[in-house]
Amino acid sequence: MKILVVGKGGREHALVRALAESPGNPELFCFPGSDAIFEIAKPVAADGLESLIAWMKSNAIDLCVAGEESYLVKGEGLANLCIKHGIPCWGPPKESAQLEASKEFAKEFLVRNGIPTARATATASLDEARAAIGGKYPTVLKFDGLAAGKGVAVCPDEISALAFLDEVFTQRRFGPGRVLVEDCLTGPEVSIFAAIVDERYLIFTPARDYKRALDGDLGPNTGGMGAVASRQLVSIEMLELIEEEIVIPTVAGLNREGLPYRGFLYFGLMLTPDGPQVIEYNCRFGDPECQAVMPLVNGDLAGFCLAGANGELRRDLVSFDDGWSVCVILASAGYPESSRSGDPISGLENSGDFRVYHAGTRKNAAAGWETHGGRVLAVVAGGGTRQEAVAKAHAAADLTSFPGLQRRRDIGILNFD
Ligand code: AMP
Ligand code: GLY
């Protein structure tokens, strides 16, 4: 089987590794990929969506796996083009990927389908937004578009709200677009991943990411400084409630509204005192949650995704470990405001009962690895208990270093004890 994975980050490195470990020895390709990914997946000679599709056709690719979201909504849409050309694709078409690309679309879908979510008003100007806030703080403001993770502001007071609204409506920092003014929810967050195949689904191991840069959930928001995954992250009763009130109505809503879906759907949830509520949908696996979850997945992921892309949910092909998995991100100097490339990485030759996924690295002239981006590496270890996984992951992270390295020491610990 020939599989092409689309993306280049730590999530795609984890996906490619998991697919490579599937029985049947699939032949793997990756676009745009990275030096580390190219050690297990071959690079693709393409420079955009159209040439990628042409390459897949001429190389008789059996399955396209969308890792990253941007290609799903670019141009005609990755999955739309795959479908048009008869290439099975694990990832939804553009129309369905609006669940991630437009917060207003997602909110209307949630409300229409009676799925618990924070109340929100769409606004088109600073005055409308101020009126919708109505002096009630804290409030949550969300730019209605892809904004590279910078489009959401949880505002404790009027000063912070006006600063965000000024960026959006006056400076047009993210380009044209509206703002959702949303009620502020409280409670622990959890990321639920479902593999959806038309009207059927399979829930993967739940995870939680750590978005802030510094220990204690302090400092600026990042793409994620670590993650923890386990079936035990939420109780069986809570998972049943999430399934009944959120996953089932979402899958039913997609089908009723003619939004085709074959791929991973990420439910960003907050477990509020009034029950679980949806904060966001993403039409892909989480990063770095994927790096934490993949080592817990057993079986034939490649066969599962191929069957899914062809309309068959093969629950029998995958199973999940019961234990815990902890992922610690090593980030470069300056992250998240900026990043520094070119710092030599040492210690990667160490091996043991852990995995290292590359997020932002490249090979240098001396054939060693150096930093190449904000999030550089994801170090992942597992254990029968959370404490064991935490100790192993942090000890493994200690083995690798580079100038300017930043990491959190409380991944897997904070928000539990
Ligand atoms: P999002 O980009 O939608 O995932 O939002 C980023 C983060 O903002 C989430 O992970 C939450 O921590 C926070 N957030 C989003 N919506 C709300 C809300 N309605 N109430 C409280 N916090 C929120
Ligand atoms: N970990 C958050 C995300 O992937 O969007």
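The values are calculated or read from the model by the stated rules, or taken from the named source; none is laboratory data. No experiment lies behind these values; they were computed from the predicted model shown. Quick reminder, even Gly has a Cβ in these numbers, built from the backbone with ideal geometry, and neighbours come from all protein chains shown. Heads up: the accessible areas ignore ligands, DNA and RNA and are worked out on the full protein's heavy atoms, side chains in. Shrake-Rupley method; radii C 1.70, N 1.55, O 1.52, S 1.80 Å.
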- Please work out which one of (1) surrounded by fewer than 24 Cβ atoms within 10 Å (Cβ to Cβ); (2) over 29 Å from Q232 (Cα atoms) is the condition T371 fails and give its number. (1)
- Query: Can you pull out the residues in the range 196-218 that are within 16 Å of ligand 2 (Cβ to nearest atom) and either part of a loop (DSSP other than H, G, I, E, B) or not basic (K, R) (or both)?
  - Reply: F204, T205, P206, A207, D209, Y210, K211, A213, D217
- Count of the range 126-151 residues which are within 19 Å of K107 (Cα to Cα) and open to solvent by less than 60 Å² (accessible area, probe 1.4 Å): 12
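Can you pull out the residues in the range 33-45 that are over 13 Å from V5 (Cα atoms), among the aliphatic types (A, V, I, L, M) and at pLDDT 95 or above?
A36
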- Query: Which residues, taken from the range 162-195, are under 23 Å from the mean Cα position of the chain (by Cα), among the β-branched types (V, I, T) and not in a loop (DSSP other than H, G, I, E, B)?
  - Reply: V179, V190, I192
- Task: Specify the residue that is modelled with the highest pLDDT; the eligible residues are those in the range 67-110 that are over 24 Å from V16 (Cα atoms) and among the hydroxyl-bearing types (S, T, Y).
- Result: S96
- Message: Condition first: away from ligand 1 (no atom under 16 Å from the Cβ), open to solvent by less than 10 Å² (accessible area, probe 1.4 Å) and not in a helix (DSSP H, G or I). Now tell me which residues in the range 275-326 satisfy that.
- Response: S325, V326
- Message: Any residue that is closer than 27 Å to A118 by Cβ, touching a Ser or Thr at 6+ places or on another chain (Cβ under 7 Å) and not polar (S, T, N, Q) - is there at least one of those in the range 295-310?
- Response: no
- Enumeration of residues in the range 112-138 that are within 14 Å of ligand 1 (Cβ to nearest atom) and either of a type in the set (F, W, Y) or out of contact with any Gly (no Cβ under 8 Å at 6 or more places or on another chain) (or both): T117, A118, R119, A120, T121, A132, I133, K136, Y137, P138
- With criteria (1) open to solvent by 20 Å² or more (accessible area, probe 1.4 Å); (2) without any contact (Cβ under 8 Å) to a residue 24 or more places away in the chain, L185 comes up short on (2)
- Check off (1) open to solvent by less than 20 Å² (accessible area, probe 1.4 Å); (2) out of contact with any Pro (no Cβ under 8 Å at 6 or more places or on another chain); (3) within 16 Å of ligand 1 (Cβ to nearest atom); (4) touching a residue at least 40 places away in the same chain (Cβ under 8 Å) for V197 and give me the number that stays unchecked. (3)
- Of all residues in the range 219-244, which are open to solvent by 30 Å² or more (accessible area, probe 1.4 Å), in a strand (DSSP E or B) and within 13 Å of ligand 2 (Cβ to nearest atom)? N221
